[in-house]
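Everything on this sheet refers to the single structure shown next.
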Amino acid sequence: MRRLVRRVRRLPVSLLLGGLLTALVVGAALLSLVWTPFPAEQVRVVARLRPPGPVHWLGTDHFGRDVLSMILVGARNSLAVGAMAVALGAVLGVPLGLAASAWGRWGDEAVARLGDLLFAFPAVLTAILLTAALGAGAVNVVLALGLFNAAVFARVARGAALAVWRRDFVRAALALGRGPLSVTLVHVLPNIAGVVIVQGTVLFAVAVLNEAALSYLGLGIQPPSPSWGKMLGDAQTFLFTAPLQAIFPGAAIAVTVLGLNLLGDGLRDALDPRHRSAGLL
């Protein structure tokens, strides 16, 4: 037990704080699967714009919907969109980056130019173009954010993999007759897994923020399903009469993005071999 406590104390503060905030948001999302104070989509016009109280702990919006219930369900929706966008980006981007590092000059150049093409269009702009062509909705948001994330993952994986390919143990494996695919799966991929995980955490925070921005514009998760960005968009009309309607979803977005960014920074420090070799972890 004491050894476990000592190991926890040696972890970066950002990792502990980020993990705590992220666990809080994930816990809220999981809680919404089994319980909310009221149905998140229930409209009660007679209870519209009520302040926080013993019945509605965070008050109600302009349709009389319970804000706490909407925050809980909104956490589930935001995390689901972010997770799917990051997963799609990793599935598409990491193999491209690994292939670029293994193929050599021509394959590397082709993947690099493809990444430049995707980077030319920011994630939000890509989502706006896609939703304009295919219609607004969570699926198109996931697709747009996933394509942008794929370019990021491909570039990160390629850079990290190129450094591993120069290592002596990889050259030894090649000298023993191992093929590029075998070397990539056995030696390269495990050694860049930490970098990919950290990048995925950072992109998760960006995806949550972009989803909120798109929902604010009416292009993300569609009503009546709650979304933090949509809640902010609805609250701006009542900013002076009921400012708490904007503060609560804004705080939820801020806590989620801050927690994921701190978690990413902490994982980067914890997985950095220089920290381990220096005895910091």
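The values are calculated or read from the model by the stated rules, or taken from the named source; none is laboratory data. Computed from a prediction, not measured in an experiment: that's the story for all the values here. When we count neighbours, we look across all protein chains shown, and the Cβ atoms used for this are built from the backbone with ideal geometry, even at glycine. Heavy atoms of the whole protein, side chains included, go into the accessibility calculation; ligands, DNA and RNA do not. Shrake-Rupley method; radii C 1.70, N 1.55, O 1.52, S 1.80 Å.
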Could you work out the per residue convex hull volume over the alpha carbons of the stretch 90-158, in cubic angstrom?
70 Å³
Within the stretch 199-236, name every residue whose backbone N is under 18 Å away from a label modeled 7 Å from Cα of residue 133 along the Cβ vector.
219-220
Give me the accessible area per residue for the stretch 105-154, probe 1.4 Å, as a whole number in Å².
50 Å²
Given a 1.4 Å probe, how much area per residue of the stretch 37-89 is accessible, in Å²?
44 Å²
Residue 187 - accessible surface, heavy atoms, 1.4 Å probe, Å² rounded to 10:
40 Å²
What does the convex hull of the alpha-carbon atoms of the stretch 1-143 project to on average, in nm²?
14.9 nm²
Helix-only mean residue ellipticity at 222 nm for the chain, each DSSP H run of n ≥ 4 adding -39500 (n - 2.57), per residue, nearest 500:
-24500 deg cm²/dmol
Hey, how much of the P(r) for the stretch 140-196 falls beyond 15 Å, as a percent of Cα pairs?
54 percent
Could you run the Debye sum over the Cα atoms of the stretch 11-58, one equal point scatterer each and no solvent, and tell me log10 of I(q)/I(0) at q = 0.14, 0.15, 0.16 Å⁻¹, two decimals?
-0.56, -0.61, -0.66
Only helices at least 24 Å long along their axis, Cα-based, and averaging 1.0 or more on Kyte-Doolittle count here, so list those DSSP H runs from the chain.
13-34, 67-103, 138-165, 189-216, 244-271
Mean Cα-pair separation over length for the stretch 188-238, i.e. relative contact order, pairs under 8 Å, 6 or more apart, %
25 percent
Farthest toward positive dipole pole in the chain [+1 Lys/Arg, -1 Asp/Glu at C-beta], among 16, 97, 110:
16
Could you look at the chain and say what percent of its accessible area is carbon and sulfur, using a 1.4 Å probe and all protein chains?
69 percent
Convex hull over the Cα atoms of the chain, averaged projected area in nm²?
18.9 nm²
All alpha-carbon distances of the stretch 92-131, grouped into 5 Å bins from 0, give the whole-percent distribution 5, 24, 22, 19, 13, 10, 5, 1
Taking a probe of 1.4 Å and leaving out DNA, RNA and ligands, the stretch 220-276 shows per residue an accessible area in Å² of 48 Å²
How many angstrom separate the Cα center of the stretch 103-167 from the Cα center of the stretch 179-211?
13 Å
